[in-house]
Each structure stands twice: as structure tokens, then as C-alpha cells.
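The values are calculated or read from the model by the stated rules, or taken from the named source; none is laboratory data. The shown structure was predicted, so the numbers you read here are calculated from the model rather than taken from an experiment. Don't worry about glycine lacking a Cβ; one is built from the backbone with ideal geometry, like all the others, and counts go over all protein chains shown.
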Amino acid sequence: MPRYRPLALVAALLAALLPSLQAAAPPAAAQALPTIPAPAAVTLDPATTAYLVLDINSAVCAPRPGCQATVPAIAAFLDRARQAGAFVVYSSTTAPGTTIMSEVAPRPDDPVVTSSADKFFNTQLDEILRDHGIRTAVIVGTAANGAVLYTSFGANTRGYTVVVAEDGISAAEDFAVLLTRYQLLNQPGFSNPSNEPLRERAVTLSRTDLISFQ
């Protein structure tokens, strides 16, 4: 029988116990996940509201089941927004041959901007919104951690109030949506951590069935 020195014996015991200790303790990151407030109900003035439908197209949305699952809510709210008289704007990607999905297809007079994640970057989106007297943007689309996140921040920096409909956003991974929801309410300089409805120059998390028009 081998002889162990006291320190060596302790080390051997710790090595044997470490896997079970690690399995019993949840990761520190999981313990620290913040609570995100529930979506808030909002009532909007259609005369000063734009509905931004971001990248619901054949290249980005069609191949992803998570994105396809959001299309019915996006389409239903699109009908309501049009009926109320809200302004509708689309974005798409630069991929050749990309088309916006037929369920949410733009009308001939609806503006469509083409850019990367931030739809204000190298486009006329800000000018288009200002020319139509827009002060509030309802944003849906994919990817949540791309187009939705960066366009929302770009809108806030330009003075717009933003409403993001949670049932109208998606990403390649569920965690990316969770991260985006947290970040939208905690953007540096434009935070709304309690999800106060329609806080100016910040994001309100809502849901399409919680958004109404005056």
C-alpha cells in the first residue's frame, strides 16, 4: 500500500471530490442572470409612429424556424398599423437575390432601406422618418442581437422613442434574444431598466397584442 504525505493525501481527496462539487454548484453566470421586466402596454399616435420591419426576408428569416415563428405576429400587427395609418418602413440585407417574405411584403410606396445591422448606417432612414414627422418607432425583425439592437440604439441616439415587440424578434439562438431584451433596456445613455412605458429616447419592451393606436 503506497504511503501518502499529508498534503499529497489532501490533494488526492480534493481531486476526487472536485467533479461532484462542480456538478452540485450552478455556474456563477447562471446565478447572476438579471430579471427582465414584463412587456408593457402602450398606446401610440399613428400620425407620429413608424413600424420598422427589419430583415424579414428570404436570406435571413426564411431559413430559421425561430424567425418564421414570429412572422404571423409581425404580419397581424402590420395590418393593424396600416389600418390605423401608421407609417411603414422595411429593411433588407445586401445579399443578392434577397426578397422580403410575402406574408409581410411592402406596398409599392413603402420605403425599403438596405444596410448591415444598424439600418441608419449609410441609408436615408433618419431623413425618411423625419420627413414624415415620426417620433416613435415600433421595431420588429431579425436578428434581435443585430438589426433590432443596433437600429434601436441608432434611433435613440437620434432622438426617437422606440417600442420593441418581443413576439416579433428572433435570432439564431434563444440566448441572443434574452441578451438583446436586457440590453435594449440598459443601453448606455438611453436606459429604461424598469421598462417604463414610452420613456422618451429609450426602448420600451412590449408585445404586438399590447400595442394599440389612438
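Which of the residues that make up the stretch 203-214 are touching a Phe, Trp or Tyr at 6+ places or on another chain (Cβ under 9 Å) and surrounded by fewer than 22 Cβ atoms within 10 Å (Cβ to Cβ)? ASP209 - this is the single residue of the stretch 203-214 that is touching a Phe, Trp or Tyr at 6+ places or on another chain (Cβ under 9 Å) and surrounded by fewer than 22 Cβ atoms within 10 Å (Cβ to Cβ).
Sort through GLN83, GLN22 and tell me the only one that's of a type outside the set (Asp, Glu), at pLDDT 85 or above, in a helix (DSSP H, G or I) and loosely packed, with under 11 Cβ neighbours inside 10 Å. Only one candidate passes the filter, namely GLN83.
Residue-wise test of (1) among the aromatic types (Phe, Trp, Tyr); (2) closer than 14 Å to LYS119 by Cα; (3) not in a helix (DSSP H, G or I).
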position: ALA147; (1), (2), (3): no, yes, no
position: TYR150; (1), (2), (3): yes, yes, no
position: ALA155; (1), (2), (3): no, yes, no
position: ALA172; (1), (2), (3): no, no, yes
position: LEU205; (1), (2), (3): no, no, yes
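When you check SER116 against the structure, is it within 17 Å of the chain's Cα centre (by Cα) and surrounded by fewer than 19 Cβ atoms within 10 Å (Cβ to Cβ), yes or no? Yes, satisfied. When each of LEU44, LEU54, LEU33 is tested for being of a type in the set (A, V, I, L, M, F, W, C) and surrounded by fewer than 15 Cβ atoms within 10 Å (Cβ to Cβ), the lone residue that passes is LEU33. Among the residues of the stretch 184-202, the ones that are part of a helix (DSSP H, G or I) and over 9 Å from the mean Cα position of the chain (by Cα) come to 1 in all.
When GLY141, GLY85 are checked against the criterion of being touching a strand residue (DSSP E or B) at 6+ places or on another chain (Cβ under 7 Å) and on the phi > 0 side of the Ramachandran plot, GLY141 stands alone in meeting it. For the stretch 171-192, indicate whether the set of residues that are in contact with a Ser or Thr (Cβ under 6 Å, 6 or more places away or on another chain) and farther than 17 Å from PHE120 by Cβ is non-empty. Checked against the condition, which is being in contact with a Ser or Thr (Cβ under 6 Å, 6 or more places away or on another chain) and farther than 17 Å from PHE120 by Cβ, the stretch 171-192 yields no hits at all. Filtering the stretch 120-145 to residues that are outside any helix (DSSP H, G or I) and within 18 Å of the chain's Cα centre (by Cα) leaves PHE120, PHE121, THR136, ALA137, VAL138, ILE139, VAL140, GLY141, THR142, ALA143. Looking only at the stretch 93-113, decide whether some residue is closer than 13 Å to ALA50 by Cβ, touching a residue at least 60 places away in the same chain (Cβ under 8 Å) and not in a helix (DSSP H, G or I). No, the stretch 93-113 has no match at all. Applying the set (1) within 18 Å of ALA143 (Cβ to Cβ); (2) surrounded by 21 or more Cβ atoms within 10 Å (Cβ to Cβ); (3) over 17 Å from the mean Cα position of the chain (by Cα); (4) among the small types (Gly, Ala, Ser) to SER91 leaves exactly one unmet item: (3).
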